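The values are calculated or read from the model by the stated rules, or taken from the named source; none is laboratory data. This is a predicted model, so every value here is computed, not measured. As a convention, Cβ positions derive from the backbone with ideal geometry for all residues, glycine included, and neighbour counts pool all protein chains shown.
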Amino acid sequence: MSVLIRGGTVVNHDHSRRADVLIDGETITAVAPRLDVARGAEIIDAGGCYVMPGGIDPHTHMELMFMGNVSADDFEWGTKAALSGGTTMIVDFCIPAPGASMLAAYQDWRRKAEKAAGDYGFHMAVTCWSKQIWEEMETVTKTYGINTFKHFMAYKGALMVNDDELYNSFSRCAQLGAMPLVHAENGDVVFRLQEHLLSRGITGPEGHAYSRPPEVEGEATNRAIMIADMAGSPLYVVHTSCRQSHEAIKRAREAGKRVFGEPLIQHLVLDESDYRNKDWDYAARRVMSPPFRPKEHQDSLWAGLQSGSLQVVATDHCAFTTEQKRMGAKDFTRIPNGTGGLEDRMPVLWSAGVNTGRLTKEEFVAATSANSARILNVYPRKGAIAVGCDADVVIWDPKATKTISAKRQVSRIDYNVFEGFQCTGLPVLTLNRGRIAWKQGDLRAEKGDGKYIERPPFPAVHVANATWKELSSPRPVERMEVTP
Ligand code: URQ
Ligand code: ZN
Ligand code: ZN
């Protein structure tokens with residue numbers, strides 16, 4: 001079936017122009033002014049609208065078992081929420097329990113994702129180090145189309161890995177042409193601060209923010225950057241939420257290191273005053289790691305998007321219901337960490353970024369789509385409006401308005417952290433590989449319509465043939481005689 005999108009302005013990350021877009025099946029076949037109508041083509045009038053690449057959210061957690069709860073949005077409703085907000089692809093984290101096989105975890109996640117209504121890919125988490133993991137990373141990269149490995153430097157006793165494991169895994173990534181990702185918070189210090197606060201009777205959601213100050217993120221980001229540099233691998237820092245972390249990334253990039261940063265839409269517009277709300281539920285609903293920050297940190301993140309030292313805007317969509325949040329009613333360390341944002345990311349970024357003059361519409365496309373596609377090695381199949389690209393298109397009406405409300409959301413949870421946010425500029429139609437998935441409030445995407453998107457490995461940055469033996473056999477640590 002062919003579709004002709006007529007009369008709009010095509011916006012890519014590097015240029016915009018008045019042009020029609022012809023789609024044949026799943027692919028864009030022509031982009032030019034005044035295209036002829038193909039016989040039987042469905043005509044979509046995009047007059048007064050921008051025609052942009054479908055959004056890519058590089059950081060989500062669908063149906064994730066975490067802190068004793070399963071996040072409420074699964075691959076069906078998470079991707080439906082995404083499509084209603086202009087996002088046509090998500091990249092979720094496949095997280096094997098420490099000691100478990102990555103290959104088995106991958107099969108679990110493929111099974112969970114079969115019901116996706118929109119396209120998706122995976123990152124793989126490294127939650128321990130062993131010869132098995134060293135070997136499986138090659139299969140995951142070369143056979144499963146996953147070219148990114150996530151490392152948690154926090155969540156002590158659960159997902160956290162130490163510096164030795166980081167160095168070994170980063171080195172393996174460099175060898176395989178894969179890129180390491182880090183959740184950069186110093187989990188040891190967080191653990192101590194949690195203990196300290198609880199011992200002083202601070203059990204409420206505000207304790208969560210106090211136990212994770214920006215310094216724990218700045219320190220871990222800097223450490224991960226140095227370890228990646230020594231291992232010879234690039235690095236991607238997820239949910240970059242504060243000035244300290246951004247500045248570490250900026251320093252590294254100025255020194256020519258391949259380091260990327262990913263602020264979340266939540267940290268760009270929401271702040272830590274929410275944790276002091278007298279309504280426990282209101283505050284607990286906003287508990288995520290890293291926590292919302294003091295307002296002044298937002299300026300650093302926006303400056304990073306404007307200057308290019310930060311590249312993509314994600315959501316870390318990991319939505320728990322109020323009921324699930326109440327698990328931590330007596331102890332903030334038991335509040336399941338995570339917030340939602342999949343359907344709000346693009347409308348909120350347009351209103352807070354483009355309408356305020358902070359971002360151009362091309363920079364909006366870069367941050368919500370093109371840069372993720374380029375960094376994750378699926379560009380220009382994804383992330384562009386050009387001949388040969390997958391026909392993932394969002395038609396954006398800059399005049400359309402709405403007030404965000406949980407009552408009208410597609411997400412399955414019972415609240416929305418952007419409740420009451422005024423949006424001007426909204427997706428009016430979303431196509432995923434040529435199929436209309438969302439039109440003027442009407443969700444047409446169906447369970448299972450989504451496709452798994454493989455991401456090929458990068459050219460290995462260095463083929464240091466570090467064998468398992470070298471990367472595993474701990475050289476006896478000689479006790480150096482420290483002469484007093
Ligand atoms: O840390 C993450 O990215 C996951 C576990 C989601 N939760 C969160 O609070 N960010
Ligand atoms: Zn994280
Ligand atoms: Zn996450």
Open item on the list: Can you report the number of residues in the range 276-297 which are away from ligand 3 (no atom under 16 Å from the Cβ), buried (at least 17 other Cβ atoms within 10 Å of the Cβ) and not in a helix (DSSP H, G or I)?
Closed with: 2
- [ ] Tell me which residues, restricted to the range 75-111, are out of contact with any helix residue (DSSP H, G or I) (no Cβ under 6 Å at 6 or more places or on another chain), free of Cβ contacts under 8 Å to residues at least 60 places away in the same chain and away from ligand 2 (no atom under 16 Å from the Cβ).
- [x] Ala97, Gly99, Ala100, Ser101, Ala104, Ala105, Tyr106, Gln107, Asp108, Trp109, Arg111
- [ ] Give the residue that is nearest to Arg433 (Cα to Cα), with candidates limited to residues of the range 112-136 that are within 16 Å of ligand 2 (Cβ to nearest atom) and either free of Cβ contacts under 8 Å to residues at least 12 places away in the same chain or not polar (S, T, N, Q) (or both).
- [x] Phe122
Open item on the list: Looking at (1) surrounded by fewer than 23 Cβ atoms within 10 Å (Cβ to Cβ); (2) within 16 Å of ligand 3 (Cβ to nearest atom), which one does Phe191 not meet, given that it meets all the others?
Closed with: (2)
Task: Complete set of residues in the range 317-344 that are closer than 17 Å to Pro427 by Cβ and away from ligand 3 (no atom under 14 Å from the Cβ) - done: Glu343, Asp344
Task: Residues satisfying the stated conditions in the range 133-156, i.e. of a type in the set (Lys, Arg) and within 16 Å of Asn168 (Cα to Cα) - done: Lys150
- [ ] Tell me which residues, restricted to the range 136-164, are on the phi < 0 side of the Ramachandran plot, of a type outside the set (Val, Ile, Thr) and within 16 Å of ligand 3 (Cβ to nearest atom).
- [x] Phe149, Lys150, His151, Phe152, Met153, Ala154, Ala158, Leu159, Met160
- [ ] Select, from Gly218, Gly207, Gly201, Gly232, the only residue that is modelled with pLDDT under 95 and either more than 16 Å from ligand 3 (Cβ to nearest atom) or surrounded by fewer than 20 Cβ atoms within 10 Å (Cβ to Cβ) (or both).
- [x] Gly232
Task: Restricting the range 175-188 to residues that are in a loop (DSSP other than H, G, I, E, B) and away from ligand 3 (no atom under 16 Å from the Cβ), the residue that is farthest from Ser245 (Cα to Cα) - done: Gly177
Task: Extreme residue, nearest to ligand 2 (Cβ to nearest atom), among residues of the range 246-275 that are in contact with a Pro (Cβ under 9 Å, 6 or more places away or on another chain) and in a helix (DSSP H, G or I) - done: His267
Open item on the list: With the structure loaded, tell me whether Ala255 is surrounded by fewer than 22 Cβ atoms within 10 Å (Cβ to Cβ), of a type in the set (A, V, I, L, M, F, W, C) and more than 16 Å from ligand 3 (Cβ to nearest atom) or whether it fails that test.
Closed with: yes
TODO: State the number of residues belonging to the range 278-323 that are at positive phi and within 16 Å of ligand 2 (Cβ to nearest atom).
DONE: 1
Open item on the list: I'm trying to understand the selection: among the residues of the range 198-242, which are touching a Lys or Arg at 6+ places or on another chain (Cβ under 6 Å) and within 16 Å of ligand 2 (Cβ to nearest atom)?
Closed with: Ser241, Cys242
TODO: State all residues of the range 302-324 that are touching a strand residue (DSSP E or B) at 6+ places or on another chain (Cβ under 9 Å), outside any loop (DSSP other than H, G, I, E, B) and either crowded, with 24+ Cβ neighbours inside 10 Å or basic (Lys, Arg) (or both); if no residue qualifies, say none.
DONE: Ala314, His317
TODO: Go through the range 70-174 and tell me which helices (runs of 4 or more DSSP H), entirely inside it, have 3 or more residues that are of a type outside the set (A, V, I, L, M) and crowded, with 22+ Cβ neighbours inside 10 Å.
DONE: 75-84
TODO: Go through the range 40-69 and give me each residue that's of a type in the set (A, V, I, L, M, F, W, C) and either within 16 Å of ligand 3 (Cβ to nearest atom) or not in a loop (DSSP other than H, G, I, E, B) (or both).
DONE: Ile43, Ile44, Val51, Met52, Ile56, Met62, Leu64, Met65, Phe66, Met67
Task: Any pair with Cβ under 6 angstrom, 6 or more apart, that starts in the range 225-239 at a residue that is in a helix (DSSP H, G or I) and ends at one that is more than 16 Å from ligand 2 (Cβ to nearest atom) and of a type in the set (Val, Ile, Thr) - done: Ile225/Val259
TODO: Considering only the range 302-321, state which residues are within 16 Å of ligand 1 (Cβ to nearest atom) and of a type in the set (A, V, I, L, M, F, W, C).
DONE: Val312, Val313, Ala314, Cys318, Ala319, Phe320
